[in-house]
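The structure under discussion appears below in the form of structure tokens.
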Amino acid sequence: MIRGLGALVRKDLLRQLKDAKGFAIYMCVPLLLTFIMGISFGGGVFGESGISAVPLVICGGDLPSVLEDRLAQGLQESGFFQVTWADTAEAARLVSRGDASAALVLPDGLLRDFFSGRAVEVQLWKDPNSAVKAGIVESILAGVMRQYQAGEAAYRALWPEDAFPEAAGEDDAVDALFGGEPDRLLRSLREDATFGREFLDRLERGAVFARTLETPSISLELHDRQDWEAAQGDARQSRNLHDYFLPAFAVFFMMFSAAAMARELHRERETRTLARLLTGPVTVGTVALGKWLTAVIMCSLQLLVLLACGGLLFQLRVGSAPVALLFVSVAAAAAAASVYLALGLVVRTEKAMDALTTVFTLTCGMLGGNFFPVEFMPPALHYAGLVTFNYWANRAFSDLITRGEGLASVTPAIVVLWTIAVVGLVLAIAIFTVRQRKGVAA
Amino acid sequence: MIEVHELVKTYGAKVAVNRLSFAVAEGELFGLLGPNGAGKTTTISVLSTLLPASGGRAVVAGCDVARDPQGVRERIGVVPQEIALYEDLSARDNLLFWGRLYGLGGPDLKRRVEEMLEAVELAEHARQRVGSFSGGMKRRLNLAAGLMHGPQVLFLDEPTVGIDAQARKKILDLIRRLNADGLTILYTTHYLEEAEQLCHRIGVIDRGELAALGDKEDLIRQIGDEDTIRFDLPESLLPEFAEAAARWPGAGAVSHARGLAQLRAADGARILPEIQSWLAARGQSLAHLEVERPNLETLYLNLTGRALRE
Ligand SMILES: Nc1ncnc2c1ncn2[C@@H]1O[C@H](COP(=O)(O)OP(=O)(O)OP(=O)(O)O)[C@@H](O)[C@H]1O
Ligand SMILES: [Mg+2]
């Protein structure tokens, strides 16, 4: 055991515990931020209400009531929407008052126009103040549209000769069918054998097409959280934003804690205790190591407690690989402790250190994906993120928590974090030793 | 126990300690006396291995400060000029820490902590946060922290600055006791009377240089055994007076300050009648007469040319 190290760490831990207020802030703020994210986007104890209950109003035009019911049922069952029906005036009022996030406006004669080949325009009115929810409706609707358009394109490719009539009103039979004149259709079928054959032919193909649409080979499936968890095993995607935000915030605030603890070295210089320590039997290396160990212990604790709170409050799946979670937390804390210790020793005063570490933490937080996933950034910055230590911590946590992976898949990240930790610590001790030789360590 | 040879310490162009040499024997209580900025703290910093020397050599408790700093650190205790304690911890936790740092532990450590708390009369405040202590209490704890591990040599850097007379007496008594138990002490101060009362020998330091060295009698002998006589004299008469005084047996240097003539003389009493008759011949009378026996104060003033703060 390195002489005096135990005494130093014990003293620093005791001091940290006496400063419970500071620690509590670093613990509470990430939870609070995650909570805010939670009520903004939903999930966890806030129920599935956030995303899944987008208030949507539909103006049905003259859709037959059977279809109306089917549509409403389908939308409700998806779990994403709370559907109401209204006429266009009422829909406009609901959306402009913010009582509905969006209105889906189906034109009169929709079905008839569709089957007779006329262009159909479905409108979506969005509440600009509810961009996220309205955006969800829009993207789902766009998906559905694409699906139908693909289906139609496929139909035309298969049966080009069977293109729907180009001009409106030319096909009397279709007009008759949907225009409430079934007699005229029946008369045509009876009197014109060619028309009858063609019409039956078309009906048959139409039925094939309809079946294809009913059981599409490619489909957009929307799952809510329960489905996803039930199907977990091989499921790889979660819609729960806490899975991303809580570990990201935990790492970010752990970085602040590590900076605060490295700052203690400057505090000890200012209170002259550092000078006193250095006239004692300990080397600067031991003093630095003591600060490092204290920071590793406190920062690991902070991460673990935060993640455990996340598990309790936001149903974060933290329990699937507890050993891996512990290893990642300690490795992340070790890397942070080293980086900030070295950073603190580069500058001479606490003020300078504050400025430097704030800029550093914000930059690394941004690049490393603590504010939003790095995939959202342009590729060049994405690669810049790879050199930040917090990127590796975030990545390992998201592998464990979001993707439900185990120790094996986070081992590379743990190795990277420990490499940063060792290099940073050696650098810090080297700088400190040089300082002491020059007589400016304390 | 402490040997200092031609020690030099510079901060850039500033020479803080210039070719300082002195030695402190085992069991001695040595005073380093000097005004602000004289280089006392710098000297202690070099001797306690906190600062590397720019020149010269120093050996403390048998270890060379440059070659074996670790050996020095094991054997010394340092009580810094500024309070160096953890204010967020209690008095006891502070002492426990400094004890553990030197490898103390178990019942020995506990006993030592209680002993030191008693010695500095802080036992009742052991559990109190140091941040809530008065200046005097902090000073005493600061001293106790430097004693926890029972050092062979103790460096005390102005341990009584800024505290009241009662607290000061307590600290000085403790220092005397420690020294009586055989502890070698280097004590710096800018209080002349402290050095005079407390120390066996005194080194007077000014602008980084040793101006005088020895026990009280040695130092007084250094300024000669001359009395100083002061009396009213218009400045215009000074040259004539100096001329006359030069012929008187035993008379020394003549100077003038704030309307007073000053004459150094081997025996003040014998020369007074001469002065009186010289003044009478010029229609003056002897007024505001002061005769001063030689003391450390005059020595100190002569050496450092500066009045003390207090
Ligand atoms: N780190 C430093 N850099 C530059 N100059 C310094 C430094 N430390 C001290 N000095 C200068 O060296 C000289 C000696 O300072 P030192 O602190 O040793 O004096 P001191 O005798 O302890 O004074 P005091 O009674 O005020 O404590 C002073 O002129 C001071 O300004
Ligand atoms: Mg000083």
- prompt: On the first, second and third principal axes, largest extent first, how far apart are the outermost C-alpha atoms of segment B:159-228 in Å?
  reply: 36, 28, 27
message: Before I look further, what does segment A:254-365 give for accessible area per residue, probe 1.4 Å, in whole square angstrom?
response: 31 Å²
- line: In whole angstrom, largest first, the equivalent ellipsoid semi-axes that the Cα gyration tensor gives for chain B are 47, 22, 16
- line: Plugging the Cβ-Cβ distance of residue B:284 and residue B:197 into 1/(1 + (r/R0)^6) at R0 = 51 Å yields, to the nearest 0.05, a FRET efficiency of 0.80
- request: Work from the charge dipole of segment B:95-135 (Cβ charges, +1 for Lys and Arg, -1 for Asp and Glu, about the Cα centre) and give the residue of B:134, B:105, B:117 farthest towards its positive end.
  value: B:105
- prompt: Can you give me the pair-distance distribution of segment B:166-310, C-alpha pairs, 5 Å bins, whole percents?
  reply: 2, 8, 16, 17, 13, 12, 10, 8, 6, 4, 3, 1, 0
query: Once the Cα gyration tensor of segment A:324-366 is found, what semi-axes does its equivalent ellipsoid get, as square roots of 5 times the eigenvalues, in whole Å, sorted largest first?
result: 24, 12, 6
message: I need the per residue convex hull volume for segment B:61-217, using only the alpha carbons, in cubic angstrom as a whole number.
response: 131 Å³
- prompt: To the nearest 20 debye, what is the magnitude of the charge dipole of chain B about its Cα centre, counting +1 on the Cβ of each Lys and Arg and -1 on the Cβ of each Asp and Glu?
  reply: 780 debye
task: Translational diffusion coefficient, Stokes-Einstein: compute it for segment B:58-124 using the Kirkwood radius over C-alpha pairs as Rh, at 10 °C and 1.306 mPa s, and state it as an integer in µm² s⁻¹.
output: 116 µm²/s
- request: Net charge near residue A:290: determine it from the other residues with C-beta under 13 Å of the C-beta of residue A:290, scoring Lys and Arg +1 and Asp and Glu -1.
  value: +3
- line: Hull surface over four for the Cα convex hull of segment A:270-344, reported in nm², is 6.5 nm²
field: Summed side-chain charge close to residue B:123 - residues other than residue B:123 whose Cβ falls under 14 Å, Lys, Arg +1, Asp, Glu -1
entry: +2
- request: Between residue A:3 and residue A:426, take the C-beta separation as r, use R0 = 25 Å, and let me know the FRET efficiency to the nearest 0.05.
  value: 0.80
field: Placed amide H near residue A:403: partners under 5 Å, 5+ positions off or other chain
entry: none
statement: residue A:71 neighbourhood, Cβ < 14 Å, K/R = +1, D/E = -1, net charge -3
- prompt: Can you give the extra length, in nm with one decimal, that the chain gains between residue A:138 and residue A:33 once fully stretched, where that is 0.36 nm per residue apart less the Cα-Cα distance?
  reply: 35.0 nm
statement: XL table B:14/B:40; A:11/B:40; B:138/B:170; A:18/A:291; A:11/A:291; Cα-Cα > 19 Å flagged, in table order, is A:11/B:40
query: residue B:201's amide H: which non-local residues (gap 5+, or another chain) put their own amide H closer than 5 Å, with H modeled 1.01 Å from N in plane and none for Pro or chain starts?
result: B:29, B:31
task: DSSP loop (so not H, G, I, E, B), at most 16 other Cβ within 10 Å: list which GluC sites (Glu not before Pro) in segment B:112-176 pass both filters.
output: B:121
task: Compute the semi-axes of the equivalent ellipsoid of segment A:387-442, taking the square root of 5 times each eigenvalue of the Cα gyration tensor, and list them largest first in whole Å.
output: 35, 9, 7
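The values are calculated or read from the model by the stated rules, or taken from the named source; none is laboratory data. Since the model is a prediction, treat every value here as computed from it, not as a measurement. Methodologically, a virtual Cβ is constructed for each residue, glycine included, from the backbone with ideal geometry; neighbour enumeration extends over all protein chains shown. The area values use the complete protein model at the heavy-atom level, side chains included, leaving out ligands, DNA and RNA. Shrake-Rupley method; radii C 1.70, N 1.55, O 1.52, S 1.80 Å.
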